[in-house]
Structure formats: structure tokens, C-alpha cells
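Okay, so here's the structure we're looking at.
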Amino acid sequence: MKRPTISDLAKESGVSVSTINRILSGSSQVKGTTAQQVQITAEKIGFYGLGTIETQIKKNAPSYRLGFLMQQSTRELYQLFGQTIRRVCRERPRDTIEPVVDFVDLLTPENIAARLQILGQNCDAVAVIAADHPLIGQTIRDLKQMGKPVVSYITDQSAPERAAYVGTDNWKLGRTAAWLVTNMVPPTGRIAIFQGNHRYMCQDTADASFRSYVRENAPILVVEDSRPTHEIPDNAYQMVRELLKTADDVVGIFIIGGGISGVLRALRETPAERRKNIKLICRDIGPETRKGLSEGLITAAFCHPIRPTSEALVQTMVDAINAKSSQSTIQCTVPFEIITPENV
């Protein structure tokens with residue numbers, strides 16, 4: 001078969017031959033949407049100059065510098081997010097994005113606010129995972145005044161000046177976790193809840209909705225006051241160890257934040273006959289969680305899907321940059337995943 005010509009591409013795309021020539025020569029006078037439609041058509045008909053079209057579109061594409069402030073460089077979850085975000089930015093076909101991924105190990109509000117300020121000054125938009133705090137809220141306001149959108153992800157911020165939130169529906173997550181637990185444990189007993197920090201809005205929301213479901217559907221079960229682990233496994237270990245030593249009616253544990261390795265260590269030290277009657281629900285997945293699932297110690301892990309969340313985050317940041325005059329907050333909800341011992 002005769003290979004498609006420029007005339008064939010123009011006809012199939014519904015544009016003039018001169019438009020095709022301008023795209024091939026790298027002219028910036030062609031609208032991005034038109035060039036993208038020509039690119040799609042060129043791929044469809046097997047046009048020989050497809051590579052040139054893709055190169056020229058990329059050359060004329062908008063470019064952005066996006067900052068991502070993450071927590072705890074030692075946690076595999078955040079390392080995976082960082083790697084995936086870099087990959088997502090590199091693979092975007094319609095624009096050029098330089099990702100700046102920064103990790104914060106000292107989780108004080110003062111340190112996070114300072115690091116967020118520095119990152120925002122050097123990027124077109126920034127994304128942040130952080131506990132909600134007035135100092136961080138003030139930094140978000142300062143960056144907005146500088147024309148730098150701030151997107152919260154995984155956990156939201158209360159500052160109305162934030163440009164967007166990307167993450168799971170934590171109200172549904174907490175109620176789903178409660179539904180799972182209450183359908184697997186006896187009608188009486190005690191459920192313990194451990195948070196990373198009460199200021200993480202995602203954790204506090206999941207905590208509240210978990211309690212809401214239990215009050216409605218399993219009112220005889222006792223849900224203890226939630227206790228913070230401060231995302232430290234040793235803290236979680238000591239808390240669970242003390243709990244199991246002082247209470248013999250524990251039937252469930254819901255750990256919403258970090259510290260799962262400490263919880264598992266405490267359970268492994270517990271007699272098998274007792275621990276098999278304790279249903280453990282946790283958040284997200286890493287090596288320790290996978291091991292706990294394979295051992296049958298963890299009933300289910302409620303996870304952020306890393307690739308879809310990263311794609312949604314990058315797109316939302318670009319949308320926020322291009323909608324600077326908008327006063328509304330963009331809400332992008334990504335469905336959570338449930339991992340059990342049978343699908344780990």
C-alpha cells in the first residue's frame with residue numbers, strides 16, 4: 001500500500017496542507033488542540049512523519065515546574081509515590097514537567113511550613129502532605145498571594161486558600177473499614193483505634209466515620225478513644241502491647257496512620273490462640289504490611305492506588321496553574337483499594 005502523504009493526513013484531519021506543514025516545521029501558530037488532533041490522526045493512518053509531529057508538539061508544549069513535599073524519606077510508601085510521580089511527569093505527552101520531589105523527616109509544623117515556602121518560591125505549584133496546622137495554613141495563604149497554587153494530597157488542609165485536594169474519600173473509607181470489622185467480630189468486645197496524629201484530616205475523618213458506622217450498626221461494641229502513634233512504630237508497639245496486657249476483650253484494631261510494623265511486632269508476641277480472634281485493619285501497603293497480610297495477622301489494608309493518585313495529582317496541579325483566577329477549590333477523589341491476604 002502507498003504510504004500516507006501530507007495531503008492524506010490533512011484530509012483525514014480536516015485541516016489544510018499548510019497547517020500540516022506548520023506543525024512539521026515546529027510553528028507555534030497552530031493551536032495545541034489542532035496539533036494534538038493531527039497527531040492522533042497521524043498515528044491512526046500510519047503517517048511517516050509521526051515522530052516529527054510528536055517532537056514538535058512536545059517542543060511547543062507548555063512547561064511547568066511542580067514541587068512535591070512528602071514525608072518520611074524512610075517510608076516505602078512515600079518513596080514509591082516519589083518514583084511514580086517522576087515517571088508520570090516524564091510520560092505526559094502534551095506538556096513538559098520538571099518534578100521537584102522533596103522529603104521532610106522532621107514533621108514539626110515549623111519545619112514543614114519553612115520547607116513548603118522554599119519549595120513554592122521555586123516552583124509553579126506545590127503539593128503537600130502534612131498535618132493541618134495554622135502555620136502551614138498561613139504558608140498556603142502566602143504562596144497563593146504569590147500566585148503559587150498549593151494542592152493538598154492524601155490528607156486535606158483546612159486553609160480555604162488551598163487550590164485543590166487529591167485523595168480518597170476518607171469518610172467512606174472509615175465506614176467501609178467499620179462494616180468489614182463488625183461483620184467479622186462477635187457482637188460484644190473492644191475495638192482500638194490508633195492514629196498517626198490527630199491533626200491529619202484524613203485520619204480524623206476516617207476515625208469519625210468508623211465510629212459513626214459502629215454507633216448505628218453495632219452499638220454494643222466498645223470503640224476506644226483513638227491514640228496517636230506519631231507515625232513511630234515503637235510507639236505503636238508499646239501501645240498495642242499495653243492494650244493486650246490490660247484488656248482481654250479486644251476483637252479489633254484499626255490503625256489509620258503509620259506504625260504498622262510496631263503493631264505487628266506486638267501481635268507476634270501475643271499467643272496465636274488469642275491473636276487469631278483480633279481483626280486488624282490498616283492503611284496503605286509496604287513490605288511490613290505485605291508480610292502481615294501473608295501471615296494472616298492483617299485482615300485488610302485500605303490503600304491509595306499510587307499510579308492513579310499520582311496521575312490525578314499532576315493533572316490537578318496543572319489545572320490549578322491554568323485557573324489562577326478561580327476561587328473554588330478543586331476536589332479530585334481517587335477510589336481506594338482494599339488488599340486482603342487473598343489478593344496481596
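The values are calculated or read from the model by the stated rules, or taken from the named source; none is laboratory data. Nothing here was measured: the structure is a model prediction, and the numbers come from that model. Glycine gets a Cβ as well: all are built from the backbone with ideal geometry, and neighbour counts include every protein chain shown. The protein model used for the area step is the full one, side chains on, heavy atoms only, and it has no ligands, DNA or RNA in it. Shrake-Rupley method; radii C 1.70, N 1.55, O 1.52, S 1.80 Å.
Apolar share of the accessible surface for segment 170-237: 54 percent from carbon plus sulfur atoms, 1.4 Å probe. Out of all Cα-Cα pairs in segment 277-335, roughly what percent, to the nearest whole number, are more than 16 Å apart? I get 58 percent for the Cα pairs in segment 277-335 exceeding 16 Å. The number of Lys pairs in the chain with C-alpha atoms less than 27 Å apart, excluding pairs fewer than 8 positions apart on the same chain, is 27.
The charge dipole of the chain, taken about its Cα centre with unit charges on the Cβ atoms of Lys, Arg (+1), Asp and Glu (-1) only, comes to about 920 debye. Our compactness index for segment 74-152, the C-alpha radius of gyration over the empirical 2.2 N^0.38 Å, is 1.14. Coordinate range of the alpha-carbon atoms in segment 1-107 per principal axis, descending: 61, 30, 17 Å. Counting only DSSP H runs of at least 4 residues, each contributing -39500 (n - 2.57), and dividing by the residue count of the chain, the helix-based mean residue ellipticity at 222 nm comes to -15000 deg cm²/dmol.
Using the Cβ-Cβ distance between residue 212 and residue 95 with R0 set to 35 Å, the FRET efficiency works out to roughly 0.25. Per residue, the chain exposes 46 Å² of solvent-accessible protein surface, assessed with a 1.4 angstrom probe and all protein chains in place. The convex hull drawn around the Cα atoms of the chain, when projected onto a plane and averaged over every direction, covers 21.1 nm².
With a 1.4 Å probe and all protein chains left in place, how much of the accessible area of segment 107-149 comes from carbon and sulfur atoms, in whole percent? Reported share for carbon and sulfur atoms: 54 percent.
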